[in-house]
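Chemist: Handing you a structure now.
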Amino acid sequence: MGKRCALGVLFAAFLLPCLAFGDDSLQKVAESKLRSALAGMAALQNNGGWGNAWTRDKQFMWGEYRTIPSSWITVQPPATPGIAKVFLRAGALLNDKHLLDLAFAARDALLAVRTPEGGFPYEADPKGPPSREATFDDDTTTGALDFLIALWKFTKDDADLNNVKSVGEFLLKSQYADSGGWPQRFPAMKSTYFRNITFNDNAMADVIKALLRLHEVTGDKRYIEAAMKGGECIIRLQGGPGEEIWAAQYSPETLKPAWARKFEPPGYSSFESISVCDTLIALFIATGQERFLEPLPKAFAWYDAHRLPDGKWARFYEPGTQRPVYGHPSKSEPVYDVSQARKGYSWQGDWYPRLAKRAYDRIKEIGRDAYAKEQQSVATQPKAKDLEPDVTRVCESLSPEGWWLESPDHDQLQEMKEKGIPEQPIITSGAFCANAGVLLQYLDLSKSK
């Protein structure tokens, strides 16, 4: 279960002098910088896809969490699905066939690493043998699906629709028939925690969100039925009195909180339960069934009752005692003092389902239909002028090579040292997608004025 590449601090050494242009000039600069960034990322495309991060000298590429061969591609977003979606959007906005061709090549690369069942691995070689095990961890399969949906909505091609549907079939096939939950990976070996019904890293939330989206774009009722069955699983797995949130993962046989990695003990998770609460809101909006709202007041009350002295929450609370519980640094053994826990893991944080609480309160105040209409109004686009400060910052920070450079994180630095890689800034898919997205939104709004 890897961590998504977080946006780091951009290297100030590569900042250009501050830009001060009028609207038309800023649009020209934004388009020029966007094209430079697209060219810089296109130069990193290999076998149709991309990795997750690269050293500035382009000698090493990271995948889900480790360096990988240059012939491989990374599916775990942002990586190939996120970058390809930027190229698709840019090709459409700029009417540039070359950019669209790069997005189509990414589609082909993703399809080449798809498992026989229709899911996606974290990373693989498009020219190698098919992957056997697909994962829902870190939005991997569902992130690839998101790009395939966007591409089909652009091309309107039946073949692209069939690619979307094949992933939809995988989501249906991999759902546990008895409980309605999903494993972290499918198919998964019985001896691994990958079989567990998994909320960790938003796995279940991402699958249900994807099913609701599939129902929206295809009209196939099987998708919303599977999403509702997943919602019933959520309701069933809510903790009992005094522990009314959800664990990070559950045994598919006993439906009890279960171990994952050796430093991840069974525990009700304040962090993972945020996305579970959001999912229940989404299911209610999609179906109108009140039963999906019923678990929420008890969950909100649990959060109010289990704050740590500093106002935050522990990641895990021990089943039966509700004591904060942490993972031992070197063995499968719980510890109860955070200072003795394994380093490099988010054991405590400001985790409360604020969006779900606001949504629940507003729904109770004005009703489902009025809330849904209100949300559509809130989601309106900003004005181009509102984005100008961000656009200027993004343009200033692009390096001469067409990259937004970042500091390597702790794990990347450690691997660089172990492999004798000179310490240097890195190129990341996350920075590219975020910053190119700002420029695309600004240009789209500017052109539509």
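Chemist: From the list A359, A314, A305, pick out the single residue that is in contact with a helix residue (DSSP H, G or I) (Cβ under 9 Å, 6 or more places away or on another chain), at pLDDT 95 or above and under 20 Å from P257 (Cβ atoms).
Modeler: Exactly one of A359, A314, A305 is in contact with a helix residue (DSSP H, G or I) (Cβ under 9 Å, 6 or more places away or on another chain), at pLDDT 95 or above and under 20 Å from P257 (Cβ atoms), namely A314.
Chemist: While we're looking at this one, here's another question. Can you tell me how many residues in segment 336-371 are under 20 Å from the mean Cα position of the chain (by Cα) and either within 17 Å of E294 (Cβ to Cβ) or not in a loop (DSSP other than H, G, I, E, B) (or both)?
Modeler: Summing the residues that are under 20 Å from the mean Cα position of the chain (by Cα) and either within 17 Å of E294 (Cβ to Cβ) or not in a loop (DSSP other than H, G, I, E, B) (or both) in segment 336-371 gives 5.
Chemist: Of the numbered conditions (1) in contact with a helix residue (DSSP H, G or I) (Cβ under 8 Å, 6 or more places away or on another chain); (2) part of a loop (DSSP other than H, G, I, E, B); (3) free of Cβ contacts under 8 Å to residues at least 24 places away in the same chain, G91 satisfies every one except a single condition; which is it?
Modeler: Result: G91 fails condition (2) only.
Chemist: Go through segment 35-71 and report how many residues are surrounded by 23 or more Cβ atoms within 10 Å (Cβ to Cβ) and in a loop (DSSP other than H, G, I, E, B).
Modeler: Count: 4.
Chemist: Give me a count of the residues in segment 384-433 that are charged (D, E, K, R), more than 17 Å from S25 (Cβ to Cβ), in contact (Cβ under 8 Å) with a residue 60 or more places away in the chain and surrounded by fewer than 21 Cβ atoms within 10 Å (Cβ to Cβ).
Modeler: The total comes to 5.
Chemist: Are any residues in segment 298-327 assigned to a strand (DSSP E or B) and in contact (Cβ under 8 Å) with a residue 40 or more places away in the chain, and if so, which ones?
Modeler: If the condition is that a residue be assigned to a strand (DSSP E or B) and in contact (Cβ under 8 Å) with a residue 40 or more places away in the chain, then W313, A314, F316, Y317, V325, Y326, G327 are the ones that fit.
The values are calculated or read from the model by the stated rules, or taken from the named source; none is laboratory data. Computed from a prediction, not measured in an experiment: that's the story for all the values here. Methodologically, a virtual Cβ is constructed for each residue, glycine included, from the backbone with ideal geometry; neighbour enumeration extends over all protein chains shown.
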